[in-house]
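Worksheet: the structure to be examined is printed underneath.
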């Protein structure tokens, strides 16, 4: 049916990878295709603010970001997964969002109307997951994406270690089920 891209914004593979692994069977059961990008394995330079993307639909820098932008543009839904770092998203994910600017420049708006959601993991129940999710949602809104949560709060909010947080796993499940329902409606 649809293509769901999962972006792991963690520099480590632990809890964020386990969250992705938890939702993959749910997505696949609904018949959607998935692709996972591990930002820890990509070379993404900081945005230089050079303005090249004002006239071109890609970045002048020669790193992995142009290929990531291609994957983003080919996806129907995107789930951004990040640990809480100092009350916000990881630096890797923030750098990636900064480099999506070529996709945003009008008239391109290449992420407009794509479904987006966020999973976040912190060290305690009130460990910054909601502020982190809010920051990622703000970036998605700037891109014109359709932002979804878990129908109770903001999205997938988990306490580390992932395996011990039943409530958090339920937020992941509810969020991904909502994405699948919306994709089903859009694709029918």
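No lab work stands behind these numbers, since they all come straight from the coordinates. What you are looking at is a predicted structure, and each value in this text was computed from that prediction instead of being measured. For neighbour counting, all protein chains shown are included, and Cβ atoms are generated from backbone atoms with ideal geometry for every residue, glycine included.
With r as the distance between the Cβ atoms of residue 130 and residue 26 and R0 = 22 Å, compute the FRET efficiency 1/(1 + (r/R0)^6) and round to 0.05. Mind showing how you got there, number by number?
Numbers: r = 23 Å, r/R0 = 1.03.
Calculated value: 0.45.
Let me have the 222 nm mean residue ellipticity of the chain computed from DSSP H runs of 4+ only, each contributing -39500 (n - 2.57), with the sum over all residues rounded to the nearest 500.
-12500 deg cm²/dmol, from helical runs alone.
Give me the angle, in degrees from 0 to 90, between the Cα long axis of helix 166-187 and the longest principal axis of the Cα atoms of the chain, rounded to the nearest 10.
50
Fewest first, what order do 10, 88 take by the number of other Cβ atoms within 10 Å?
In order of increasing Cβ crowding within 10 Å: 88, 10.
Using r as the Cβ-Cβ distance of residue 35 and residue 138, and R0 as 25 Å, what FRET efficiency do you calculate, to the nearest 0.05?
With R0 = 25 Å, the Cβ-Cβ based efficiency is 0.55.
Name the residues of the range 11-53 whose amide N is less than 17 Å from a point 7 angstrom out from the Cα of residue 164 along the C-beta direction?
Answer for the range 11-53: 14-16, 18-19.
Over the range 3-187, what portion of Cα pair distances is larger than 27 Å, expressed as a whole percent?
22
I'd like the per residue volume of the convex hull spanned by the Cα atoms of the range 124-173, given in cubic angstrom.
That works out to 72 Å³ per residue.
More than 12 Å apart: what percent of Cα pairs in the range 1-40 qualify?
Everything past 12 Å amounts to 56 percent.
Out of the DSSP beta bridges found with both residues in the chain, what percent are antiparallel (nearest 5)?
Once the DSSP bridges in the chain are tallied, antiparallel ones form about 5 percent.
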